[in-house]
Amino acid sequence: MPLVTSKEMFEKAQKGGYAIGAFNVNNMEIIQGIVEAATEERAPLILQVSSGARKYANQTYLVKLIEAAIIESGLPICLHLDHGDSFELCKSCVDGGFTSVMIDASHHSFDENIKITKQVVEYAHDHGVVVEAELGRLAGIEDAINVSAKDSSYTDPDQVQEFVQKTDVDSLAIAIGTSHGAYKFKPGTPVALRFDILEEVSRRLPGFPIVLHGASSVPQELVAQINKYGGNMPGAQGVPEDMLRKAASMAVCKINIDSDLRMAVTATIRKYFYENPAHFDPRQYLGPARSAVKEVVKHKLINVLGCAGKA
């Protein structure tokens, strides 16, 4: 089975009232952990690569690892560029075998966002690749993304129809109160996502795939483990999983998950070296880290996304 686009995945997700997990990948062990979980749960997958991951691991290596994952699993897998910030970057990924790209021109004016997005869409569609865009800006820090709270903005429902019609984009990431990274909300602070915006966007774009970024839940047991074994993560609180389940039951077809995977890897490796300070074989600590990623992903597929058994 070759790589697939997200088009059929999203159509099934909308009909079934669930979301597809879009998991960020950076190396072989993370890819293996995600794919092993999805294989056991028979879930469709979007594996996404950020610009930071491309610089770290090399795009060719990541593409070939994901092609190997398809051979091993037989799952429908979409290879997606996460937060492409230019036409040139998106073009490079289209030419390099990606089946989906995101152009994030949300830091530009509305008209410039349309112009850049349309350029990417035209090139991608000519090559059979689908495109995600962003309207509104999420706060937070992750890889090259750094948006302060004062520079963030909710998606304006009054703009969505014009944006989609003028760009012909395939899916739309919207800002309803989630944020990138692990430090989303202060502990004890009530988290209130703007489901009213999501409802209004879906009313104006009936049947159109909506994407939710910045949706890691920041499991407190992982925070505690990182801190227990020498880390320092004060004040980490993520998006409650019941809110993510609600979003998945509405118009949201794709939910991005990255920070939770990083935390699983970090917590496991910290614990391993605390207990085995003299060990130096990477297999001895990357193996358990891979297993930790697998457990996080299985939990998301079953309890948050609702896409287990949908492959």
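The values are calculated or read from the model by the stated rules, or taken from the named source; none is laboratory data. All figures in this text were calculated on a predicted structure; none of them were measured in a lab. Here the Cβ is made from the backbone with ideal geometry for all residues, glycine too, and neighbour counts use every protein chain on show. Only protein heavy atoms, including side chains, enter the accessible area calculation; ligands, DNA and RNA are left aside. Shrake-Rupley method; radii C 1.70, N 1.55, O 1.52, S 1.80 Å.
Some points to look at:
- Residue satisfying condition, being open to solvent by 10 Å² or more (accessible area, probe 1.4 Å) and on the phi > 0 side of the Ramachandran plot, within set Asn58, Asn26: Asn58
- Filtered residues of segment 29-44 (kept if open to solvent by less than 50 Å² (accessible area, probe 1.4 Å) and within 14 Å of Lys300 (Cα to Cα)): Gly33, Ile34, Val35, Ala37, Ala38, Thr39, Glu41, Ala43, Pro44
- Residue within segment 150-161 that is modelled with pLDDT under 95, open to solvent by 60 Å² or more (accessible area, probe 1.4 Å) and of a type in the set (Ser, Thr, Tyr) present: yes
- Residue count, segment 36-63 (criterion: in a helix (DSSP H, G or I) and either closer than 25 Å to Pro288 by Cβ or under 19 Å from the mean Cα position of the chain (by Cα) (or both)): 17
- Only one of the numbered conditions (1) more than 21 Å from Ala124 (Cβ to Cβ); (2) surrounded by fewer than 24 Cβ atoms within 10 Å (Cβ to Cβ); (3) among the hydrophobic types (A, V, I, L, M, F, W, C) is violated by Val4, and that is (1).
Conditions (1) in a helix (DSSP H, G or I); (2) buried (at least 22 other Cβ atoms within 10 Å of the Cβ); (3) in contact with a Ser or Thr (Cβ under 9 Å, 6 or more places away or on another chain), marked per residue:
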| position | (1), (2), (3) |
| --- | --- |
| Arg203 | yes, no, no |
| Phe208 | no, no, yes |
| Val211 | no, yes, yes |
| Gly214 | no, yes, yes |
| Asn227 | yes, no, no |
| Asn232 | no, no, no |
| Val239 | no, yes, yes |
| Ala248 | yes, yes, no |
| Cys253 | no, yes, yes |
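- Pairs linking a residue in segment 98-122 that is open to solvent by 10 Å² or more (accessible area, probe 1.4 Å) to a residue that is among the hydroxyl-bearing types (Ser, Thr, Tyr), with Cβ atoms under 6 Å and 6 or more positions apart or on different chains, are Thr99/Thr5; Ile114/Thr167; Lys118/Thr167.
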